[in-house]
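Note sheet for the following structure.
Just so it is clear, none of the values below were taken in a lab; they were calculated from the coordinates. All values reported here derive from a predicted model rather than from experimental measurement. Cβ placement follows ideal geometry from the backbone for every residue including glycine, while neighbour counts extend to all protein chains displayed.
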Amino acid sequence: MHVERVESRAQYDDFSLLPGRLHPRSLTVPLPDALLKSWWRGSRLRPAGVELLLVRDHGGRVVGRTTVHSDPRLDARVGARTLLFGATEFADAEAAAALFDAVTERASGHEQILGPVSLLPHEGGGVITSGFSQRGFDRVLWNPPSYPGVYEDAGFERIWEGDTWSVETVPRQAGVPLGPVAPEEWAAAGLRPGRLTAARTEAARAEMLDVLNRAHAGSPSGIEVTAGEVQRGSTAAAAMAALLDPDILRLATDEASGRIVGFALAVPDYTRFLQSTRGRMGVVEHAQALVTRSRFRQEAVLQLQCTDPEDQGRGVGTLLGRDLQAHLAERGYRRLRVPAIARDGSSAARAQLERFGGVPMHGVTFYRRAVG
């Protein structure tokens, strides 16, 4: 096995197309090309980029890939100098061992390696440990049943286990317990509903970022997210702008002060579109997205839902959940997919999903291994 750094466009193409060559294209989810290129070429946040690695067998065939980087904020959060890896795919245990060895060789001065992340745990990644018959989706990539055993046989241990969820979107009448939120219910809570519009995006982003950071301060993997990282997180969504639906970007604002106290942001599930284009989103693909976007407004993915800790106890999360469900149903969505909810916490989030009839779909875990 030979490990090489991605430096040429041909190597980059091998890196980006590998998941579709290893796994069923109906199940695996290609990372958006715009996102991968921002890692490879570098960005304002990471001028040096992220190191992309390939593994080739003795015949020159690409049989594995991964990324390697670090973030001192996560080091501080977990209490250990950590080298992160992500976008990790391999044909078999031998290819995986070559990847893990390459990551470990780069871990001088670190205490552990951890992944797969994209680029940080809260942005997505992980390894699916159950539910393999269900395709992946945004922030939750698919892998075959062999992956957990390969990691664990290589000495990795599980960390931050969770589950993805699936919630059928059911139209409900006003006045029923889980139905649309009545104006008087918002008023009784001292709240005003709204949506994230283009006119408010810049003004609202800083407020939402503050809410997000305060809400995630207690998360085991939570770090303070910067405005630039919100923009980085929007790279994939920006590439898929033709498929976005502003009616499912919901806000809750304090009636008295006008400040945002919580939000529930969902996007159409464009997994099938990414599968059809292998992650590419050029001019032709944009035009295709505009023509066919109604096909991708049948299922949605919850990107974020959080409440300012200062406003806990006002029912913000419950009202936002009902408001989002009502708008999903009104817009014709049949299902909401939810990225991994931690098992050792987030009981309120799980309870809300269960109230709406949600069921776990995939088991998900990250892996870490001591080095040095």
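Along segment 172-187 the Karplus relation, 6.51 cos²θ - 1.76 cosθ + 1.60 evaluated at θ = phi - 60°, assigns HN-Hα couplings of 10, 7, 4, x, 7, x, 9, x, x, 6, 6, x, 5, 5, 4, 4 Hz to successive residues, with x for each Gly and Pro.
Computing FRET efficiency as 1/(1 + (r/R0)^6) for Leu209 and Asp57, where r is the C-beta to C-beta distance and R0 is 51 Å, gives about 0.70.
Potential lengthening of the chain between Ala370 and Thr104 amounts to 94.8 nm, from the contour at 0.36 nm per residue minus the alpha-carbon distance. One entry in (1) 36, 22, 19; (2) 31, 28, 19; (3) 32, 23, 21 is semi-axes √(5λ) of the Cα gyration tensor in Å calculated from the shown coordinates; its label is (1). Under 11 Å from the Cβ of Arg61, count the other residues' Cβ atoms, weight Lys and Arg +1, Asp and Glu -1, and hand me the total. Local net charge: 0.
Under 5 Å from the amide H of Asn143 lie the amide H atoms of Ile128, each residue being 5 or more positions distant or on a separate chain, with H modelled from the backbone and absent for Pro and chain starts.
Computed from phi, the 3J(HN,Hα) profile of segment 349-366 under the Karplus parametrisation 6.51, -1.76, 1.60 (θ = phi - 60°) reads 5, 5, 4, 5, 4, 5, 4, 8, x, x, 9, x, 10, 10, x, 9, 9, 9 Hz, with x in place of Gly and Pro. Modelled spin-label separation between Arg343 and Gln312, with each label point placed 7 Å from Cα along the Cα-to-Cβ direction: 2.3 nm.
Distance between the modelled labels on Gln298 and Glu255, one decimal in nanometres: 4.1 nm (7 Å Cα→Cβ projection).
Taking amide H atoms as placed 1.01 Å from N in the peptide plane, the amide H of Met361 lies under 5 Å from those of Thr164, Trp165, Ser166, each 5 or more residues away in sequence or on another chain. Annotation: amide H of Leu304 within the under-5 Å range of Leu265, sequence separation 5 or more or interchain, hydrogens built in the peptide plane. Between segment 314-341 and segment 159-219, what is the separation of their alpha carbon centroids in Å? First find each Cα centre; the distance between them is then 8 Å. Counting only alpha carbon atoms, the long axis of helix 283-292 and the longest principal axis of the chain meet at about 40°. A full extension of the chain between Ser133 and Ala174 corresponds to an added length of 11.1 nm, given 0.36 nm per residue minus the alpha carbon distance.
The Cβ shell under 11 Å around Val167 holds other residues with a net charge of +1, Lys and Arg each +1, Asp and Glu each -1. Using the Stokes-Einstein relation with a Kirkwood hydrodynamic radius computed over Cα pairs, the translational diffusion coefficient of segment 2-163 at 10 °C and a viscosity of 1.306 mPa s comes to 99 µm²/s. Sequentially through segment 87-94, phi angles give Karplus couplings (6.51, -1.76, 1.60; θ = phi - 60°) of 6, 8, 9, 8, 7, 6, 5, 5 Hz, Gly and Pro residues having no value and appearing as x.
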